[in-house]
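The values are calculated or read from the model by the stated rules, or taken from the named source; none is laboratory data. Note that this is a predicted model, so its numbers are computed, not measured. All Cβ positions, glycine included, derive from the backbone under ideal geometry; neighbour counts span all protein chains shown. Just so you know, the surface numbers come from the protein's heavy atoms only, side chains and all, with ligands and any DNA or RNA stripped out. Shrake-Rupley method; radii C 1.70, N 1.55, O 1.52, S 1.80 Å.
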Amino acid sequence: MVDKLPPKERTKIPRQTMPEQDACERAHNFREVNLGLDEAIAQRESQRCLTCADPKCTHGCPVGVQIREVVDLVREGEYLSAAAKLREDNVLPAVTGRVCPQENQCEGACVLARRFNSLAIGYIERFVADYERETGQVGLPERAPATGKKVAIVGSGPAGLSCAGDLALKGHGVTVFEALHEIGGVLIYGIPEFRLPKEIVRQEVDNMRAMGIDFQTNVVIGKTVTIDELFEEEGYDAVFIATGAGLPKFMNIPGEELPGVYSANEFLTRVNLMKAYDRDQYDSPIYECRDRNVAIIGGGNTAMDSVRSALRLGAKNAYIIYRRSEEEMPARGEEVHHAKDEGVQFMNLHNPLEFIGNEEGNLSGVKLIKMELGEADESGRRKPIPIEGSEFVMPIDVAVVAIGTGANPLVQSTTPDMATNKWGYIVADDETLRTNKRGVFAGGDIVSGAATVILAMGAGRTAARSMHAFLETGQW
């Protein structure tokens with residue numbers, strides 16, 4: 001029996017490797033890069049778990065998945081039971097198993113990581129979710145009796161979906177409003193097909209429909225209907241605002257208005273939601289990348305998604321331009337590794353000063369300055385300092401600015417009695433996610449600023465607990 005193995009023997013088992021598409025092949029298609037574990041590899045990896053009495057991995061998980069119990073069930077070959085256990089705390093396991101930065105959360109807290117490689121929790125999570133889906137035996141948690149209360153969720157990204165799932169299980173009537181034509185928020189429009197297939201998101205949403213959640217698309221809260229109207233005219237008892245931080249940030253340098261300069265939000269939305277990657281079937285308006293030089297400004301996961309998409313759209317050269325060194329990059333190590341393998345060229349310690357246009361008024365180059373690292377700044381990373389006299393012009397045809405996002409002001413501007421901070425984010429209590437407006441809660445990126453999928457989901461669960469208490473007691 002595996003459970004009889006002493007801890008010392010378990011630590012001798014090497015961390016299992018994720019099978020993936022060949023780098024040369026995948027750089028030219030939008031199929032998923034990671035191929036998933038088979039049963040034998042998943043079993044082998046599960047044997048590495050030390051079954052700690054106090055599982056630090058669960059403490060490191062923003063949604064509190066009972067990881068030890070899930071891994072125990074995988075080791076016993078009870079994959080559907082493992083999936084059901086996973087779904088008790090995570091409504092999107094097939095999503096988070098693919099895009100969650102486990103290395104900084106559950107895996108980072110794993111006891112094995114102190115001396116060995118951490119348990120591949122994300123790989124196991126994905127295996128369990130995929131097994132459940134592929135066998136067609138999705139084990140949805142049982143709902144509580146109907147309470148007669150109505151809840152509106154504004155935004156169908158990870159925070160909204162997580163909150164919706166928990167509230168539905170408590171017996172509340174839940175409606176999720178989405179401004180775009182497909183449910184999923186950033187999961188659909190912001191993450192490329194090769195990292196998170198759209199069909200995975202759609203199937204998870206279908207599972208939530210089976211839980212009784214109502215999804216309404218093409219509804220722009222703040223335009224179609226306001227927050228106040230949701231209460232006064234639509235009869236909702238509580239509202240959770242989870243609109244994300246979708247307002248692009250730019251560098252405010254000359255030439256950003258030139259054709260061929262995109263925000264990462266616009267670029268990825270055109271590629272993902274408008275299917276620019278399928279040129280034979282869809283005529284999406286996107287500046288041609290094929291046989292052109294494409295530069296992405298930034299060093300986060302969104303920058304990696306953008307540059308790897310450009311490569312797959314046929315870019316002759318695909319560059320990352322980042323003002324710090326690779327060590328300071330906020331992107332996941334796996335994404336950087338994949339990008340390098342696929343042929344992305346990294347220009348670290350460079351910063352744009354100006355975008356340059358040609359005679360036709362289109363983007364033709366970017367003026368860069370070389371940087372060096374000084375002392376650490378408020379982020380804890382070493383501050384980039386320009387090197388005087390190091391400027392030069394690099395020819396490019398397309399630029400994508402991926403330096404972060406801010407708060408979209410639409411909901412806030414039509415809810416004047418709701419408090420916001422100086423950056424336009426909604427002010428909500430750290431513990432309860434209540435706003436200053438009775439019955440209104442807010443969480444995820446619209447409160448915290450841009451963060452990860454799983455942190456947004458954690459905020460959704462926190463809000464759901466607070467909303468349930470409010471709906472039961474009426475106390476504010």
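Take the Cα of Glu199, go 7 Å toward its beta carbon, and the backbone nitrogen atoms of region 13-31 under 17 Å from that spot belong to 21, 29-31. Here the translational diffusion coefficient of region 134-193 follows from Stokes-Einstein with Rh set to the Kirkwood radius across Cα pairs; for 4 °C and 1.567 mPa s it amounts to 101 µm²/s.
Measuring between their Cα centroids, region 440-461 and region 235-267 lie 16 Å from each other. Between His28 and Leu50, the contour length at 0.36 nm per residue exceeds the alpha carbon distance by 3.9 nm.
A 1.4 Å probe, protein heavy atoms only, puts the accessible area of Arg438 near 130 Å². The calculated Kirkwood hydrodynamic radius for region 9-61 is 13.6 Å, given to one decimal from all distinct C-alpha pairs.
Taking amide hydrogens as placed 1.01 Å from N in the peptide plane, the amide H of Gly406 sits under 5 Å from those of Leu247, Lys249, each at least 5 positions away in sequence or on another chain.
Sites listed here are GluC sites (Glu not before Pro) in region 256-306 whose DSSP assignment is loop and whose Cβ has at most 15 other Cβ atoms within 10 Å: Glu257, Glu288. Within the full protein context, the accessible area of Met251 is estimated at about 40 Å² for a probe radius of 1.4 Å. Within region 391-461, the percentage of alpha carbon pairs spaced more than 17 angstrom apart rounds to 52%.
With Cα atoms as the point set, region 262-306 shows a radius of gyration and Dmax of 10.8, 32 Å. In terms of its C-alpha gyration tensor, region 119-241 has an oblate overall shape, because the principal axis ratio a/c (a ≥ b ≥ c, square roots of the eigenvalues) is not below 1.5 and a/b does not outweigh b/c. With 25 Å as the limit on Cα-Cα distance, the pairs of Lys223/Lys422; Lys56/Lys437; Lys150/Lys437; Lys249/Lys370; Lys8/Lys85; Lys367/Lys422 that go past it are Lys56/Lys437; Lys8/Lys85; Lys367/Lys422. With a cut-off of 11 Å between beta carbons, the residues surrounding Val427 carry a summed charge of +1, where Lys and Arg count +1 and Asp and Glu -1.
Summed over qualifying helices (DSSP H, 4 residues or more, each -39500 (n - 2.57)) and divided by its residue number, the chain shows a 222 nm mean residue ellipticity of -9000 deg cm²/dmol. Ordering Asp283, Asp22 by accessible surface, largest first, gives Asp283, Asp22; the 1.4 Å probe counts only protein heavy atoms, with every chain in place. The phi torsions of region 308-325, fed into the Karplus equation with coefficients 6.51, -1.76 and 1.60 and a -60° offset, translate into couplings of 6, 5, 4, 4, 6, 7, x, 4, 5, 9, 10, 10, 9, 10, 9, 7, 10, 8 Hz, rounded to whole numbers, with Gly and Pro shown as x. Under 16 Å of direct C-alpha separation, and excluding same-chain neighbours fewer than eight residues apart, Lys275 reaches these lysines: Lys198. Shown here are the Rg and Dmax of the Cα trace of region 46-180, at 16.0, 52 Å. Shown here for region 268-355: chymotrypsin sites (Phe, Trp or Tyr not before Pro) in loop regions (DSSP other than H, G, I, E, B) with at most 13 other Cβ atoms within 10 Å, namely Tyr282. When its C-alpha radius of gyration is set against 2.2 N^0.38 Å (N residues), the chain gives a value of 1.01.
Heavy-atom accessible area for Thr414, with the other protein chains in place and a 1.4 Å probe, reaches approximately 40 Å². Computed packing ranks the peptides 200-210, 383-393, 55-65 as 55-65, 200-210, 383-393, most packed first, by mean other Cβ atoms within 10 Å. If R0 equals 35 Å, the separation of the Cβ atoms of Arg381 and Glu232 corresponds to a calculated FRET efficiency of about 0.15.
Amide hydrogen proximity for Val174: with H placed 1.01 Å from N in the peptide plane, the residues at 5 or more positions away or on another chain lying under 5 Å are Val151, Asp214.
Computed from the alpha carbon atoms alone, the convex hull of region 339-456 holds 194 Å³ per residue. Classify region 198-281 from the C-alpha gyration tensor, please: rounded if a/c falls under 1.5, else prolate or oblate depending on whether a/b exceeds b/c. Oblate is the answer for region 198-281, as a/c is 1.5 or above yet b/c matches or exceeds a/b.
Here region 161-210 is treated as a Stokes sphere of Kirkwood radius computed over C-alpha pairs; at 25 °C and 0.890 mPa s its diffusion coefficient rounds to 208 µm²/s.
Its alpha carbons give region 248-388 an Rg and a Dmax of 15.5, 51 Å.
Between region 149-193 and region 1-79, the C-alpha centres lie 29 angstrom from each other. The loop-placed trypsin sites (Lys or Arg not before Pro) in region 266-327, going by DSSP, that have at most 13 neighbouring Cβ atoms within 10 Å of their Cβ come out as Arg290, Lys316. Tell me, what is a quarter of the convex hull surface for the C-alpha atoms of region 18-111, in nm² with one decimal? Mean shadow area of the hull around the Cα atoms is 6.7 nm².
Rolling a 1.4 angstrom probe over the protein heavy atoms with all chains in place gives the chain an accessible area of 43 Å² per residue. Beta-bridge orientation, the chain: approximately 40 percent antiparallel, per DSSP, counting only bridges with both partners inside.
Farthest towards the positive end of the charge dipole of region 249-405, among the residues Ile356, Phe392, Ile321, is the Cα of Ile321, using unit charges on the Cβ of Lys, Arg, Asp and Glu. Subtracting the Cα-Cα distance of Glu20 and Met274 from their residue separation scaled by 0.36 nm leaves 88.8 nm. Around the amide H of Val400, modelled in the peptide plane, lie the amide H atoms of Tyr262, Ala295, Ile296, Ile297, all under 5 Å away and 5 or more residues distant in sequence or on another chain.
For region 253-391, which whole-number percentage of the solvent-accessible area (1.4 Å probe, protein heavy atoms only) is attributable to carbon and sulfur atoms? So the carbon and sulfur contribution to the accessible surface is 42 percent.
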